[in-house]
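Below is one structure, written out as structure tokens; the observations come after it.
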Amino acid sequence: MSRSFVQAALAPVILLILWEAASHSGLVDPRFLPPLEQVWIAGRAEWASGDLAAAIRASLARDILGFIVGSTIGTVLGVVIGLSKTTQRLLGPMLVVHRQIALFAWIPLLSAWFGGGEVGKIAFIAMAAFQPTVVNSWRGVANIPQQYRELSMALAFRGLDFLTLIALPGSLAEIFAGLRAALIYAWMATIGAELLLDVAPGLGGRMDEGQHLFEMNLLVFYLIVLAIVGGLFTLATGRLETRLARWRAA
Amino acid sequence: MSYFRSVSQMDDVMAELSIARKKGHELSLARVGKEFGVADRAVTVLSDIGFDVRPGEFLSIVGASGCGKSTLLRLILGLDTVYDGEIRVGGERVLRPGADRAIVFQEHRLLPWLTAEANVAVALRRSPLSKAERREKVAGLLHLVGLDHAAQAYPAQLSGGMAQRVAIARALVSDPRLLLLDEPLGALDALTRLRLQDELKRIVADEGITTVLVTHDVEEAVYLGNRVIVMQPNPGRIAEIVPISESYARDRSDPFFIARRDEILTQLGVGHSTVKGLSEVEARIDAA
Ligand SMILES: Nc1ncnc2c1ncn2[C@@H]1O[C@H](COP(=O)(O)OP(=O)(O)OP(=O)(O)O)[C@@H](O)[C@H]1O
Ligand SMILES: [Mg+2]
């Protein structure tokens, strides 16, 4: 086990010990802060009944669909905007302002348009993924140095040459940073949508049940599941980014 | 380290490269002027530049830093079409860059995300050649600049001089009829520099490419050029056009060569008196 791992694990372990001590010593009401073994029991039950797998599947499906819709629109729009000074002047300020609106402020409007069901949830998740991707891909393409634009002229590039040989690879790092942020945002939005819009199968739905049945151990268990899934997302995108930007590490 | 084990091997490469021997473009500039707007004021960077370059001729341009040499090359290439006067390449007014003209920029401008090989290949993006022909051409040019071993390296893994050589290969790979070189050998060590001077001279002569070379190295200008244009700054203008004769251009120790070099150095304001003055100062410092 590496030193850095031990260091990173130190704080959580201490926290868990304090948690255990607190809920057993009667310092806090175990109904509000269930002891770890209660969480474990809830987790095993969820696993055994298949509820856990079903919930993860449902949430991930929603998350991925919303992410794909939002980040595709965001990236394509951002790249197109970044390619031309005119589109930047026309659409840039609007997007900057759009970004100032807190994500969850869109919920009333989106649920009015698309309803609180599946479509409304996915629209909200897509909106979450759209925001960072559009801004990052726009900035990334717009920040391609003037020298490379000149080079593309000097080499008599035509059609999509500039896009495929210069604009996209040159902004890949920023586009990727946007996608990575979008993945996290979309995941937060997924849970947000499941908790705030209509109840539906998924992790948010299970947490909702935990809240209504006052089963704090169920609630805490799903909080941990959320942390793990979010962490895996971050890990996976980091890996992929390093692989795609090999020239940078070179 | 030798790029070519023998002269005959080099000839083979050269023969491969000159598949279709084309004539270089004629280049003519008349009363060319260029202004830049800096802080609401128009600054004249080039004024009344006029010269003709014959097809296949090698023209060197020397001049102090900031006298507008790079700007002039940008105008000739067609990167900037806002100027006074007239620039004609192959008899036609330059409206935009074209595949028949190539430039080596002052900085290498390689694309960091492509390997050396791919960086050279981008210049063939719109070429009618087959994939295999392209690959062969790219490999041939990387060999010519002595970088076969670095074909798969990314620009960040190359030294400044290696990167500049890749840029030279990129400019040559498309068989240009007009070649613009902006300090292409500036980042090279003295030995590689001399070798590449010879190779450049060979290629452009064999291919009949019209070439304009901007350099700070007066000796290089005289060694490579059929003529040397000496520019002066503020505003950038032609001070003198010095013809160079083939009879001595190949020998740096020839008295005529040295005389031409010193003439140009004097034009640039770094003549004998300055050199002598420096050595006198040095002598006095030594004595003290
Ligand atoms: N885009 C621009 N806007 C304003 N001024 C410019 C611009 N480009 C060049 N200049 C000015 O034009 C002058 C000539 O620049 P240029 O790069 O052509 O010089 P140069 O002779 O190539 O110098 P060096 O030998 O240092 O490369 C400089 O004074 C520079 O400040
Ligand atoms: Mg310059």
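Every number in this text was worked out from the coordinates using simple rules, so none of it is lab data. Remember, predicted model here, so these are calculated numbers, not experimental data. Note: ideal-geometry Cβ built from the backbone for every residue, glycine included; neighbour counts use all protein chains shown.
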Who wins for biggest fluctuation among B:Thr211, B:Thr44, B:Thr115 in a Gaussian network model of chain B, springs between alpha carbons below 10 Å?
-> B:Thr44
Using alpha-carbon coordinates, inclination of helix A:51-83 to the longest axis of chain A, degrees | 20
What residue among B:Leu191, B:Leu158, B:Leu29 shows peak mean-square fluctuation when chain B is described by a Gaussian network model with Cα springs under 10 Å?
-> B:Leu191
For a paramagnetic label modelled at 7 Å from the Cα of A:Trp47 toward its Cβ, which residues of the stretch A:3-23 fall within the zone defined by backbone nitrogen distances under 18 Å?
-> none
Percent RCO, i.e. relative contact order, over chain A, from Cα pairs under 8 Å lying at least 6 residues apart | 25
Could you work out which residue, out of A:Glu209, A:Glu150, A:Glu46, moves most in a Gaussian network model of chain A, that is, has the largest mean-square fluctuation with Cα springs under 10 Å?
-> A:Glu150
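Using only alpha carbon pairs under 8 Å that are at least six residues apart, calculate the relative contact order of chain B and give it in whole percent.
Rounded, it is 24 percent for chain B.
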Kyte-Doolittle at least -0.5, axis length at least 24 Å by Cα - qualifying DSSP helices, chain B = B:190-207
So what is the calculated 222 nm ellipticity per residue for the protein assembly as shown, using -39500 (n - 2.57) for each DSSP H run with n of 4 or more, over all residues, to the nearest 500 deg cm²/dmol?
-> -19000 deg cm²/dmol
Debye calc, one equal point scatterer per Cα of chain A, no solvent, log10 I(q)/I(0) at q = 0.09, 0.12, 0.13 1/Å comes to -0.54, -0.84, -0.93
Could you work out how far apart the two model spin labels at A:Phe32 and B:Val270 are, taking each label as a point 7 Å from the Cα in the direction of the beta carbon, and quote it in nm?
-> 8.0
For B:Lys34, B:Lys23, A:Lys121, B:Lys69, order by how many other beta-carbon atoms lie within 10 Å, fewest first | B:Lys23, B:Lys34, B:Lys69, A:Lys121
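Taking other Cβ within 10 Å of each residue's Cβ, how do A:Ile144, B:Ile258, B:Ile229, A:Ile14 sort, fewest first?
A:Ile14, B:Ile258, A:Ile144, B:Ile229
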Using a cut-off of 16 Å between alpha-carbon atoms, which aspartates and glutamates can reach A:Lys121, once sequence neighbours fewer than 8 places away in the same chain are excluded?
-> A:Asp63, A:Glu194, A:Asp198, A:Asp208
Could you list the residues of the stretch A:136-164 with an amide nitrogen less than 14 Å from a label point located 7 Å from the Cα of A:Val80 in the Cα-to-C-beta direction?
-> A:138
Cβ neighbours within 10 Å from other chains - mean over A:153-165 = 5
Tell me, what is the FRET efficiency for A:Trp40 and A:Phe5 to the nearest 0.05, using R0 = 22 angstrom and their Cβ-Cβ distance as r?
-> 0.45
Round to the nearest 0.05 the FRET efficiency obtained for A:Ala61 and B:Leu129 when R0 = 60 Å and r is the Cβ-Cβ distance.
-> 0.80
Which of the lysines could a cross-linker bridge to B:Lys23, judged by Cα under 27 Å and excluding same-chain residues fewer than eight apart?
-> B:Lys69, B:Lys131, B:Lys137, B:Lys201
Kirkwood Rh, the protein assembly as shown, all Cα pairs: how many Å?
-> 28.5
Return the distance in nm (one decimal) between the two label points of a simple spin-label model at A:Gln146 and A:Leu235, each offset 7 Å from Cα along Cα→Cβ.
-> 4.6
Just tell me which aspartates and glutamates come within less than 13 Å, Cα to Cα, of B:Lys34; anything on the same chain fewer than 8 places away is out.
-> B:Asp48, B:Asp80, B:Asp84, B:Glu86
Cβ-derived FRET efficiency at R0 25 Å, A:Phe214 paired with A:Ala102, nearest 0.05 | 0.25
Which translational diffusion coefficient, to the nearest whole µm²/s, is obtained for the stretch A:1-93 from the Stokes-Einstein equation, given a Kirkwood hydrodynamic radius over C-alpha pairs, 25 °C and 0.890 mPa s?
-> 134
With a 10 Å Cβ neighbour count serving as the proxy for reagent exposure, in which order, fewest first, do B:Lys137, B:Lys131 appear?
-> B:Lys131, B:Lys137
Counting sequence-distant residues (5 or more places) and residues on other chains, those with an amide H built under 5 Å from that of B:Val214 are B:Ile61, B:Leu181, B:Asp182, B:Glu183
